[in-house]
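Heads up, the thing below is written out as structure tokens.
Please treat every number below as a calculation from the coordinates, not as lab data. Everything quoted here is computed from the prediction, not taken from an experiment. Note: ideal-geometry Cβ built from the backbone for every residue, glycine included; neighbour counts use all protein chains shown.
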There are 2 protein chains.
Amino acid sequence: MNAKFPAMSASKAVIQNHLRLQPLFKPLRDETLAGFAEYAALKAEKKGAVLFSAETPNEKIYFVLSGWVKLFRETLAGDEAVVDVLTAGNFFGEIGLSGHDEMPYGAEVVEDAEIITIPRFLLAEEIMRNSLFGMAVLQNMTRQRLQRDMEIEHRTVQSAPQRIGCFLLKLCRDNTGDPVVLHLPYDKTVVAHRLGMQPETFSRALSKLREETGLRVRGATVEIDNVKKLVDYTCSACSSSFPCED
Amino acid sequence: MNAKFPAMSASKAVIQNHLRLQPLFKPLRDETLAGFAEYAALKAEKKGAVLFSAETPNEKIYFVLSGWVKLFRETLAGDEAVVDVLTAGNFFGEIGLSGHDEMPYGAEVVEDAEIITIPRFLLAEEIMRNSLFGMAVLQNMTRQRLQRDMEIEHRTVQSAPQRIGCFLLKLCRDNTGDPVVLHLPYDKTVVAHRLGMQPETFSRALSKLREETGLRVRGATVEIDNVKKLVDYTCSACSSSFPCED
DNA sequence: CGAGGCCTTGACCCAGCTCAAATAAGGTGG
DNA sequence: CCACCTTATTTGAGCTGGGTCAAGGCCTCG
């Protein structure tokens, strides 16, 4: 009964609790999660922190508990393409599970974040051992692929204001009551790049969206009085109707 | 020893041989493949055949042995977005493995094709039983996701002529000798949509690419004298260098 | 040989990009 | 709490790649 142990196991217990809440881990038993927690680390990361760089080997899977992280690549011309932006409930680095040692993109914290990392090999082992878990991972990857398909379609079919609308609607997902208040989670420049447009275009498109659908923007806060109006404006160009993904 | 049996088992043997060649099935033993072959069907499909429609439940996985198949969605406006175009060695319908009963897009033969179909449940069972196979499926899906990531980047970073160049380069992949002769596999309209552009734009962009890199086009045949020149022109905008995917 | 479907070309338009400059918004040290 | 510096955001002006519409040309197949 070393004096250090109570503290340590308390911390591990905290991690284990967070892991239990991850949808991906639903098929796992507590003792498995405890095993993960043993090797996992929970860390508070400051805005600007680089978790890993592109073209770099990486051994961990990252679970975002809070804050925002962007995944990005840099083109030869020097400008960045934002692949995705993740927040609470998302994870990344799973690409490594499929034998890609070098990450195809870098990861940077864009809003102070709490992140749990787990060594990749633990998950890989569990996938081999527990086919239910393997299936869960496969389903997750499949969903991501479908989201990418949609994204590609959106980029050619939607106008800039509509893309912003679509982005805002995804943030609404939970809120149902009509006056919705959102906080733009991070730097508007990052949002712009996430949506594949320049910051100037983003600014103008947001103004247009404001006129068109009557939403209000104050700094990083967005208020939507009439969600239906926003849906009508945004989703008219799309091939699937509103709550466009499961 | 019914008279029918020799014929049937010969046909099944043919199918089994095709299945053996699928990279996805590498981790499977012959007896497993034999089991698949028992329920599988090999069919010659004519150009224009619709294999399934979007928003429709589907129970099969499709392996393309020859010819070309396009996967597509239709937008409300009525124009089609080509999600992907597949040929020998590719397969589709795996989305169904992750519990998506309704297909998110339709499949149509765009060039006479031979296709093997396997009931989805057989693969699903095997995934649960054989974790090596499950891992192979996961890796495949992961690769597809990464390809989508690249595609999204390409759409914003590359010009129309560059996108065509990129497309041609992928078709070169095997040929190494410098004078390369390619046959555009299908309808130029389909290629255009696959690349996210209008047929008119495709035509103009192809002319530009011809001037720029000295390749020659005669009907559906493309001759490339200087692959390096094409690479230089095409890949200059990209974030990864030439043979851009494994 | 004719019809319909591709493919190409021309003319014009417009969303979004680029360059440049003016403002706003934070964050920091005093 | 304020002045100052740095980093976002907005706005203006002009450009351009690609879309749209419309008209031929060409090739294929019946």
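Close amide H partners of B:K47, meaning residues 5 or more places away or on another chain with modelled amide H under 5 Å apart, are B:D112, B:A113.
Could you compute the FRET efficiency for B:R173 and A:E31, with r as their C-beta to C-beta distance and R0 at 35 Å, rounded to 0.05?
Step by step, r from the Cβ atoms, then E = 0.15.
With label points set 7 Å from Cα along Cα→Cβ, the inter-copy distances at B:A44 are 7.0 nm, sorted shortest first. Report Rg/Rh for the range A:105-246, rounded to two decimals, where Rg is the Cα radius of gyration and Rh the Kirkwood radius. With Rh from the inverse mean 1/r over Cα pairs, Rg/Rh is 1.03. In this structure, the pairs whose alpha-carbon distance is over 25 Å, taken from B:K43/B:K70; A:K26/B:K70; B:K70/B:K170; B:K46/B:K188, are A:K26/B:K70. Look at A:L28, A:L209 and count the other Cβ atoms within 10 Å of each Cβ; fewest to most, that gives A:L28, A:L209.
For A:M103, the amide hydrogen comes within under 5 Å of the amide hydrogens of A:E55, A:T56, A:N58, counting only partners 5 or more places away or on other chains and with H modelled in the peptide plane.
Of all the Cα-Cα pairs you can form in the range A:20-113, what percent are over 19 Å apart? Above the 19 Å cut-off, the range A:20-113 has 46 percent of its Cα pairs. Computed over the Cα atoms of the range A:158-235, pair by distinct pair, the Kirkwood hydrodynamic radius stands at 12.3 angstrom. The alpha carbons of the protein assembly as shown give a radius of gyration and a Dmax of 24.4, 82 Å, in that order. Counting only Cβ charges, +1 for Lys and Arg and -1 for Asp and Glu, the dipole size of the range A:158-235 around its Cα centre is about 140 debye. For B:K229, inter-copy separations between label points set 7 Å beyond Cα along the Cβ vector come to 5.8 nm, shortest first.
Assuming charge only on the beta carbon of Lys and Arg (+1) and of Asp and Glu (-1), the dipole of the range A:4-154 about its Cα centre is about 640 debye to the nearest 20. Taking 25 °C and 0.890 mPa s as the conditions, I'd like the Stokes-Einstein D for chain B in µm²/s, using the Kirkwood hydrodynamic radius from alpha carbon pairs. Diffusion coefficient, whole number: 124 µm²/s.
Ordered by the count of other Cβ atoms within 10 Å of each Cβ, fewest first, A:D232, B:D174, B:D101 give B:D174, B:D101, A:D232. Amide H contacts of B:I61 (H built 1.01 Å from N, in plane; Pro and chain starts excluded): B:I118, B:R120 sit under 5 Å, all sequence-distant by 5 or more or on other chains. Can you give the charge dipole size of the protein assembly as shown about its Cα centre, rounded to the nearest 20 debye, using +1 on the beta carbon of Lys and Arg and -1 on the beta carbon of Asp and Glu? Magnitude of the dipole: close to 20 debye.
If R0 is 25 Å, what FRET efficiency do you get for A:E223 and A:D112 from their C-beta distance, rounded to 0.05? Efficiency computed from Cβ-Cβ geometry: 0.55. Each 10 Å bin from zero up to the one holding the largest Cα-Cα distance in the range B:90-130 carries the following percent of pairs: 22, 50, 24, 3.
Each peptide in B:216-224, A:91-99 was scored by the mean count of other Cβ atoms within 10 Å over its residues; highest first, the order is A:91-99, B:216-224. Calculated mean residue ellipticity, 222 nm, the protein assembly as shown: -14000 deg cm²/dmol, from DSSP H runs (n ≥ 4) at -39500 (n - 2.57) each, averaged per residue and rounded to 500.
Just to confirm the numbers: A:L76, label point 7 angstrom along the Cα-Cβ line, distances to the other copies in nm, shortest first? So the distances to the same position in the other copies read 4.1 nm.
Here the Karplus curve 6.51 cos²θ - 1.76 cosθ + 1.60, taken at θ = phi - 60°, turns the phi angles of the range A:56-68 into couplings of 10, x, 8, 10, 10, 10, 10, 10, 8, 9, 7, x, 9 Hz, with x standing for Gly and Pro.
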